[in-house]
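The values are calculated or read from the model by the stated rules, or taken from the named source; none is laboratory data. Everything quoted here is computed from the prediction, not taken from an experiment. No Cβ is skipped: glycine too gets one built from the backbone with ideal geometry, and neighbour counts run over all protein chains shown.
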Amino acid sequence: MLVDIPSIMAGHGLEVVGPITPLQERPGRLVARVETGGGSLVIKAATDPGAFATEVAAIARLAGHGLPVSGVVAVSAGPPSYLVLSWTEGAQLTSASPLAAQREAGALLRRVHAIRPAWLGETRYAGEPTWDSWMAGWLNSALAWWGTVSPAGLLDPPRVWAWFHALRPLLATRGHDLMLFDGRPEHWIVRGETMAGLIDVSELRVGDAAMDLGVIAVPDPELLTGVLDGYRPDPEERAVFQRLVPFYTFLRRISAAEYYQRFGTPDEVQQMLARIAATEIPA
């Protein structure tokens, strides 16, 4: 393994008493569940020094506003760097989850978006000066990748660009919310009828609240209805979401397919490609 997990735990007064179960493992990165005398924990490790500084800061920010995030047990800048967190028991949020939990997730997401981004003035969107210019660059990259894996004619890039340009005046007004950015359904943990917690919040940043809703719909479009019930958008917000969320879902599906090609399985890639191909792109 990337790090000596029993030694790390011992260094923080914790004894490993059960299995160490890898949850994610790729070059230079490890996430594992560890059974200790103090209960189940998660350890994240990376070869890069200081790899978890942003996640620790995001956890602190969200916890300071009463959001149910993981507790930080230990952190080291390394290298290798590591972060030990409390384990959140439960199942991922889906459209089959109790409706009360779906609505609670929406209410929690609303609370995230209500936090004022303290670092708003420092934001540069992936090196771009505005949110809409970042989205243009992202779409350009995504469509270039799509062209390498999909049969010609399955998606019409000029029609996609027409969709983007129709939205661009609205996109130019966005990008001023605190957003999770990576708030995928598997990061919302349900226990019983309620939300048990929100995990993997390292991508917290300034952006567009509507994109977080688009991410929710990437693997499970039906889930969005229950989440929106709990989010309770006002009529103006709902009109904006109706225009932007489908576009963000489409964009994030392409990104998800590219991620699965690198780190996932062929089935995951094909399922996501099918969702992309089935997208209804406005005329």
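Some points to look at:
- Some residue of segment 40-49 being among the basic types (Lys, Arg) and surrounded by 21 or more Cβ atoms within 10 Å (Cβ to Cβ): yes
- The condition (being more than 21 Å from Val112 (Cα to Cα), in contact (Cβ under 8 Å) with a residue 12 or more places away in the chain and buried (at least 17 other Cβ atoms within 10 Å of the Cβ)) is satisfied by just one residue among Leu30, Leu85, Leu67: Leu30.
- Cβ-Cβ under 7 Å pairs, at least 6 apart or on other chains, segment 35-52 side more than 22 Å from Leu14 (Cα to Cα) and of a type in the set (Gly, Ala, Ser), far side at pLDDT 95 or above and not in a loop (DSSP other than H, G, I, E, B): Gly50/Ser81; Ala51/Ser81
- When Ser40 is tested against (1) in the same structural domain as Gly230 (by TED's automatic domain parsing); (2) more than 30 Å from Pro221 (Cβ to Cβ), just one condition goes unmet, and that condition is (1).
- Pro158 vs. criteria under 29 Å from Val112 (Cα atoms) and out of contact with any strand residue (DSSP E or B) (no Cβ under 9 Å at 6 or more places or on another chain): no
- In segment 237-264, the residues that are farther than 15 Å from Arg174 by Cβ and of a type in the set (Val, Ile, Thr): Thr249, Ile254
One line per residue, one yes/no per condition, for (1) modelled with pLDDT under 95; (2) in a helix (DSSP H, G or I); (3) within 24 Å of Pro185 (Cβ to Cβ):
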residue	(1), (2), (3)
Leu83	no, no, yes
Thr88	no, no, yes
Ala105	no, yes, yes
Arg110	no, yes, yes
Gly137	no, yes, no
Leu143	yes, yes, no
